[in-house]
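The values are calculated or read from the model by the stated rules, or taken from the named source; none is laboratory data. This is a predicted model, so every value here is computed, not measured. Cβ placement follows ideal geometry from the backbone for every residue including glycine, while neighbour counts extend to all protein chains displayed. Heavy atoms of the whole protein, side chains included, go into the accessibility calculation; ligands, DNA and RNA do not. Shrake-Rupley method; radii C 1.70, N 1.55, O 1.52, S 1.80 Å.
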Amino acid sequence: MTLRLLQHRAQSGERGVIAAQGDSAAFVVGFPSIRALALHAIAQGISLTAAVAAAPKGDAVDIAAEFEAGRLLAPIDHDDDAHILLTGTGLTHLGSAEGRDKMHREAAAVEKQTDSMRMFLEGLEGGKPAPGQAGQQPEWFYKGDGSQLVGPTDPLTMPAFAKDGGEEPELAGIYIIGEDGTPYRLGLALANEFSDHVTERHNYLWLAHSKLRQAALGPELLVGEPPEHIEGSSRILRDGATIWEKPFLSGEGNMSHSFANLEHHHFKYDLFRRAGDVHVHFFGTATLSFSDGIAAQEGDVFEILAAPFTLPVRNVLTRAAPQEVAVKAL
């Protein structure tokens, strides 16, 4: 059975790590965070699975009940938000170019191959190179530091100036950099990458602006080799009723790039191999409510679920209050 790790915060504020396999789950004694457990595993030269197996176990726990009570956190964090980097790659899934290409064609109102379609086709041709080789470079974007990461049941808050707040159901790779600069993949988390698609549609060169938004992670870190096929569903609830729902696919079998290729083109940069840093890297999606003409409203709830994860990522959409920003000369 696949090992899943979760982070828990009790009402007292005490933190702990939960190990779950199948329907069973129990606290892992001696570790307040998954990051601490990972650093221990690296220092011991063992896998996360081996580290969990060797650690004493505490009380059994009902993770579904803890999720509903809001006591499960994002499965990775850091004491200093500046040491978490949120990044991602787009146009990585089979079919992912359709919505993006349509968006950009409508904006350009011309009948020619868009840059999005060109990049997708290049990835389709060269995104899965032979082991040990570098393939086609993907699209890449930056979302922010750890201050932009929210938990599985926390609100997703768009800025006051945002044109849109839209869901993006996908997988995120969770990484930590060892003392020698080696990137270690801890596992995968379910994610809502959350973007401003109206801003992006205005001009694809505004993609960078549209991605500077929060992102949410589901509570479970899926440890071990990434599944070849992941099938889930994404839906939006308004006043308790589902206004949009659609299945989505992920995993390498449904992608135009391999995980190894996406990881290579991220971690090839020295600045992304700084010892102790945590990376949350979003792998992209082919399913958006925005592509179906849905405009999410404040108060809507995004819910994303996919096996073998057993819990969803469920977040209400809110908007931040306006802020006065003035630059002063010194």
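Structure above, values below:
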| item | result |
| --- | --- |
| Filter pass, Ser291 being of a type in the set (Ser, Thr, Tyr) and over 18 Å from Pro155 (Cα atoms) | yes |
| Residue match in region 275-287 (condition: within 18 Å of Thr157 (Cα to Cα), in contact with a strand residue (DSSP E or B) (Cβ under 7 Å, 6 or more places away or on another chain), modelled with pLDDT of 95 or more and open to solvent by 40 Å² or more (accessible area, probe 1.4 Å)) | no |
| Segments classed as strands (runs of 3 or more DSSP E), wholly inside region 1-72, with at least 1 members that are crowded, with 16+ Cβ neighbours inside 10 Å | 4-9, 15-21, 24-28 |
| Of residues in region 209-264 being among the charged types (D, E, K, R) and assigned to a helix (DSSP H, G or I), the one surrounded by the most Cβ atoms within 10 Å (Cβ to Cβ) | Lys211 |
| Any hit, region 289-307, residues being under 16 Å from the mean Cα position of the chain (by Cα), over 19 Å from Val150 (Cβ atoms), in a loop (DSSP other than H, G, I, E, B) and touching a residue at least 60 places away in the same chain (Cβ under 8 Å) | no |
| Residue check for Gly181: touching a residue at least 12 places away in the same chain (Cβ under 8 Å) and assigned to a strand (DSSP E or B) | no |
| Region 111-140: number of residues that are part of a loop (DSSP other than H, G, I, E, B), among the acidic types (Asp, Glu) and modelled with pLDDT under 90 | 1 |
| Scope region 47-66; condition within 19 Å of Met1 (Cβ to Cβ) and hydrophobic (A, V, I, L, M, F, W, C); matching residues | Leu48, Ala50, Ala51, Val52, Ala53, Ala54, Ala55, Ala60, Val61, Ile63, Ala64 |
| Residue in region 73-100 that is surrounded by the most Cβ atoms within 10 Å (Cβ to Cβ), counting only those that are modelled with pLDDT under 85 and out of contact with any Leu (no Cβ under 9 Å at 6 or more places or on another chain) | Ser96 |
| Residues of region 141-168 classified as open to solvent by 20 Å² or more (accessible area, probe 1.4 Å), assigned to a strand (DSSP E or B) and within 20 Å of Gly70 (Cβ to Cβ), total | 2 |
